[in-house]
Amino acid sequence: MRIPDHYRTDIQPIEYIVANNMGFCEGNVVKYISRWEMKGGVEDLEKAKHYIEMLINQENKRNGNNT
C-alpha cells in the first residue's frame with residue numbers, strides 16, 4: 001500500500017496534536033496547515049482559516065465580545 005505524500009512528514013500532525021492536548025479546532029488548524037502544499041492547496045488554507053475564525057469567535061464570546 002502506497003502512503004500518500006501528505007502523510008510523509010517528520011512529525012505526524014496527529015502526534016503533535018495529541019502531545020499538546022489540543023482541542024478539535026486547534027487540531028484541525030494544525031492538520032490543514034501541515035498538509036496544504038502537499039494535498040489540498042488553497043482549499044486546505046481556507047479550512048484552516050475557518051477553524052481559526054471559529055476559535056476567534058469562541059474567544060470573543062468567552063470575553064464578552066460579540067463581534
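Does Tyr32 meet the test of being at pLDDT 95 or above and among the hydroxyl-bearing types (Ser, Thr, Tyr)?
Details: at pLDDT 95 or above: yes; among the hydroxyl-bearing types (Ser, Thr, Tyr): yes.
So Tyr32 fits the description; yes.
Scan Glu15, Glu26 and give me the residue that is under 27 Å from Asn57 (Cα atoms), of a type in the set (Asp, Glu), modelled with pLDDT of 90 or more and in contact with a helix residue (DSSP H, G or I) (Cβ under 9 Å, 6 or more places away or on another chain).
Values: Glu15 fails: in contact with a helix residue (DSSP H, G or I) (Cβ under 9 Å, 6 or more places away or on another chain).
After ruling out the rest, the residue left standing is Glu26.
Please enumerate the residues belonging to segment 35-67 that are closer than 21 Å to Arg8 by Cβ, modelled with pLDDT of 95 or more and acidic (Asp, Glu).
Glu43, Asp44 - these are the residues of segment 35-67 that are closer than 21 Å to Arg8 by Cβ, modelled with pLDDT of 95 or more and acidic (Asp, Glu).
The values are calculated or read from the model by the stated rules, or taken from the named source; none is laboratory data. Nothing here was measured: the structure is a model prediction, and the numbers come from that model. Please note: Cβ atoms are built from the backbone with ideal geometry, for glycine as well, and neighbour counts cover all protein chains shown.
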